[in-house]
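Please treat every number below as a calculation from the coordinates, not as lab data. Here the structure is a predicted model, which means the values were calculated and not measured. Cβ coordinates were reconstructed from backbone atoms using ideal geometry, including for glycine residues, and neighbour counts include every protein chain displayed.
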Amino acid sequence: MEHPLLWPTDANVGTIHYPPGSHFGPRYQPCLQLVFLHTGCMTVWIDNVAHQAEANTVFLLFPGHQERFAFAESEETHHSWLHLDVPELSPELHTRLLALPRPLPLTPLMQQLIHTALTLQPARLSTTSELLQSMGTQMLWLYIGEGELHVQHNLAPTHATIEQARLYIYEHLHEPLTLEQVAQAVSISPSYLIRLFQAQLQTTPMAYLWQLRVTHGISLLQQTGLSVQTIADQCGFQTRHHFSRRVRQELGYGPQEVRHRSWLRS
């Protein structure tokens, strides 16, 4: 089956802080829109049907519907948005989007993408428009992928906590991380973090950490000219010997053979 193409004719992003008790609308939605809620909350009536969205979620709006919004009464609501003009959304993509729950957790990866797009928007580059179109396409595909994963595994909102923990681990891979540090970074107890990882990833946080260190180390062996010692350091191994032993356990051969096989591959 031919894969559905998705390329918007226009994409733009923005961000706003609504004071407590703010309202917006009614209006007719002109395009596909992702609303990224950072703080506060919102109620959006779509064709007079109310939908709720809390902080740290992302909400998809479809074109052609009447909407009105009410934001948190007791605190400021900060949200960002992505507008995508997609003249010919294929029936397959439309069906996939309609099947996703709303809202979805706002994951660290999605937060990174919208932050980058917001930084890029005012840039005076000849390619800013094309870059925003490309990033908007990435965000919509990420939304679809995360949403379908959510449906497939019947994930609870704690999925966002798992993603935050995984991102924290990746960003601090070179450090001597402990379970307590990772749990503190995502504001939950170590025992609860273990239960979340076991339920959703079928592993523990520390086992995930060491597997990621090995996987990243193997990738660096294959893709860079860094020494084995340097790679071991950058991946959080205390010694080169420990790194080499874990690589051998993973693949059946050591770091030098990993590099030899990769570099001489035709």
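Structure values in brief
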item: Charge sum, other residues only, whose C-beta stays under 13 Å from C41's C-beta, Lys/Arg counted +1 and Asp/Glu -1; result: -4
item: Calculated Rg and Dmax of region 185-256 using C-alpha coordinates, Å; result: 14.2, 40
item: Label point distance in nm, Q202-D233, each placed 7 Å from Cα along Cα→Cβ; result: 3.8 nm
item: W45-A99 FRET efficiency (beta carbon distance; Förster radius 22 Å; 0.05 resolution); result: 0.50
item: Local electrostatic count at P105 - Lys and Arg +1, Asp and Glu -1, tallied over other residues with Cβ under 12 Å; result: -2
item: Charge dipole (debye, nearest 20) of region 66-190; +1 at Cβ of Lys and Arg, -1 at Cβ of Asp and Glu; result: 120 debye
item: Gain upon complete extension [H242, A55; 0.36 nm per residue less C-alpha separation]; result: 63.1 nm
item: Assigned charges on the beta-carbon of Lys, Arg, Asp, Glu; the chain dipole about Cα centre (debye); result: 1080 debye
item: Sum of -39500 (n - 2.57) over DSSP H runs of 4+, divided by residues of the chain (222 nm, nearest 500); result: -15000 deg cm²/dmol
item: Helix axis angle, 190-201 relative to the chain longest principal axis, alpha carbon, degrees; result: 80 degrees
item: Pairwise FRET efficiency - S129 versus E88, Cβ, R0 = 25 Å, nearest 0.05; result: 0.85
item: Gaussian network model of the chain, springs between alpha carbon atoms under 10 Å - residue of T215, T43, T224 with greatest fluctuation; result: T224
item: Per-selection Kirkwood Rh - the chain (Cα, Å, 1 d.p.); result: 21.2 Å
item: Unit charges at the beta carbon, dipole of the chain: most positive-side option, N56, L93, A165; result: A165
item: For region 159-263: relative contact order, % (alpha-carbon pairs under 8 angstrom, 6 or more apart); result: 22 percent
item: Amide H contacts of H65 (H built 1.01 Å from N, under 5 Å, at least 5 apart or other chain); result: Q29
item: S74 paired with T215, simple spin-label distance in nm, labels 7 Å along Cα-to-beta-carbon; result: 4.1 nm
item: Degrees, to the nearest 10: 159-171 long Cα axis against longest axis of the chain; result: 40 degrees
item: Mean separation of Cα contacts under 8 Å (6+ apart) over length of the chain, as relative contact order %; result: 16 percent
item: Global form of region 115-266, assessed from the alpha-carbon gyration tensor, a/c cut-off 1.5; result: oblate
item: Dimensionless Rg ratio for region 10-153, taking C-alpha atoms and the 2.2 N^0.38 Å reference; result: 1.02
item: R0 of 41 Å, Cβ-Cβ distance R195-L251: FRET efficiency to nearest 0.05; result: 0.85
